[in-house]
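To keep things clear, I will list the structure first and then write my remarks on it.
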Amino acid sequence: MITLKGIKKTYENKAGRFEALKEVNLAIQKGEIFGFVGYSGAGKSTLLRLINGLEHPTEGTVELDDKVLSELDKKAIRKERQSIGMIFQHFNLLWSRTVLENVMFPLEIAKVSKTERNRKANELIQLVGLAGKENSYPAQLSGGEKQRVGIARALANDPKVLLSDEATSALDPQTTDEVLDLLERINRELDVTIILITHEMEVVRKICHRVAVMDSGVIVEAGSVLDVFRHP
Ligand code: ADP
Ligand code: ADP
């Protein structure tokens, strides 16, 4: 479903050239929960930005269902990006808007009718276990609840893929487990492929089917979680 072929990403600035990704080749299958794990600076966020079409690789291609992202025009990329949901470490919610308004926001952008926006947002709020909090503001919610709003918002346009950027890194262990359980249920019940990046091995061990370990812009090891984390 997502194929990374010969990916290189070089940043150039005053400080010089920096190879954030040196050579990445990988295929992620539909229905998988795939994790990228590695220390800070390994290139995980860069890879995520390439997968959601925010940036293009310096060399190589990102293919989404056989479409090469960098060959699409702006309008087509925008359309592809609507089939990708994203959640973040610091939630990225709109602080002056309620839970319901936050979840409706991507539907507004997609020009969905008001009635349908309401219906869809309420359905998603139920799904993530926030019924009763529709009119709360993010500041009134716990960290776990904020991330549930982020997840509901990410699902608003029925994405095929959900990208998670350190989504549990700001949460305590128990809340992390609850959010991971929710992601697992979304993967299973809504058939959403999940790609996550994290520096926490436990997150990978708990929900990923396959994992790639990254270091200094390359994948140093990849395979099933059992294989990669089995130490002889
Ligand atoms: P990770 O997500 O694994 O922490 P990143 O993908 O954020 O790693 O970063 C990989 C490397 O690329 C880092 O050394 C970072 O400083 C560098 N980098 C990321 N984005 C840019 C940018 N826009 N310009 C210059 N260097 C960047
Ligand atoms: P809207 O665009 O719907 O008015 P905003 O996103 O502008 O809502 O929210 C108001 C401001 O709150 C923004 O400038 C946002 O950056 C800021 N903000 C960001 N993070 C936090 C936070 N953790 N707590 C409170 N406000 C925050």
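The values are calculated or read from the model by the stated rules, or taken from the named source; none is laboratory data. Everything numeric here is computed off the predicted structure, so don't read it as measured data. Using ideal geometry, Cβ is built from the backbone for each residue, glycine included, and neighbour counts are taken over all protein chains shown. For accessibility, only protein heavy atoms count, side chains too; no ligands or nucleic acids. Shrake-Rupley method; radii C 1.70, N 1.55, O 1.52, S 1.80 Å.
At-a-glance table
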item: Percent of alpha-carbon pairs separated by more than 26 Å within the chain; result: 38 percent
item: Percent accessible area from carbon and sulfur atoms, segment 172-232, protein chains only, probe 1.4 Å; result: 51 percent
item: Cα-derived Rg over Rh, computed across segment 131-176 with Rh taken as Kirkwood radius; result: 0.98
item: R0 of 35 Å, Cβ-Cβ distance residue 29-residue 174: FRET efficiency to nearest 0.05; result: 0.70
item: Loop sites in segment 57-159: trypsin sites (Lys or Arg not before Pro), DSSP, at most 11 other Cβ within 10 Å; result: 111
item: Amide H contacts under 5 Å for residue 86, placed H, 5+ residues apart; result: 163
item: Theoretical gain in end-to-end length, residue 229 to residue 190 [0.36 nm per residue, Cα-Cα removed]; result: 11.2 nm
item: Using alpha-carbon coordinates, inclination of helix 99-109 to the longest axis of the chain, degrees; result: 60 degrees
item: Segment residue 8-residue 137, length gained on full extension (0.36 nm per residue, minus Cα span); result: 42.3 nm
item: Distance (nanometres) between label positions extended 7 Å along Cα→Cβ at residue 108 and residue 200; result: 3.1 nm
item: Per-residue HN-Hα couplings for segment 54-66 [Karplus 6.51, -1.76, 1.60; θ = phi - 60°; Hz; x = Gly/Pro]; result: 6, 10, 10, x, 5, 9, x, 9, 10, 10, 10, 6, 6
item: Largest to smallest accessible area among 39, 137, 11 [probe 1.4 Å]; result: 39, 137, 11
item: Rounded tilt (10° steps) of 173-189 against the dominant C-alpha axis of the chain; result: 90 degrees
item: Compactness of segment 19-146 as Cα Rg over 2.2 N^0.38 Å, two decimals; result: 1.26
item: Gap separating the Cα centres of segment 163-204 and segment 78-138, nearest whole Å; result: 18 Å
item: Aspartates and glutamates whose Cα lies under 17 Å from that of residue 74, excluding same-chain neighbours fewer than 8 positions away; result: 55, 63
item: Cα long-axis angle, helix 143-154 against the chain (0 to 90 degrees, to the nearest 10); result: 80 degrees
item: Two-decimal log10 I(q)/I(0) for segment 92-167, as the Debye equation yields it once each C-alpha is a single scatterer, q = 0.21, 0.27 Å⁻¹; result: -0.87, -1.39
item: Modelled FRET efficiency - R0 35 Å, residue 119 with residue 76, Cβ distances, 0.05 increments; result: 0.80
item: Per residue accessible area in Å² of segment 79-232, where ligands, DNA and RNA are left out and the probe is 1.4 Å; result: 48 Å²
item: Percent carbon-and-sulfur accessible area, segment 34-149, ignoring ligands, DNA and RNA, probe 1.4 Å; result: 49 percent
item: The chain: relative contact order as a whole-number percent, Cα under 8 Å and 6+ apart; result: 29 percent
item: Relative contact order of segment 82-193, pairs being alpha-carbon contacts under 8 Å that are 6 or more residues apart, as %; result: 40 percent
item: Helix-only [θ]222 nm of the chain, DSSP H runs n ≥ 4, -39500 (n - 2.57) each, per residue, nearest 500; result: -10500 deg cm²/dmol
item: Kirkwood Rh, Cα atoms: Rg over Rh of segment 139-232; result: 0.99
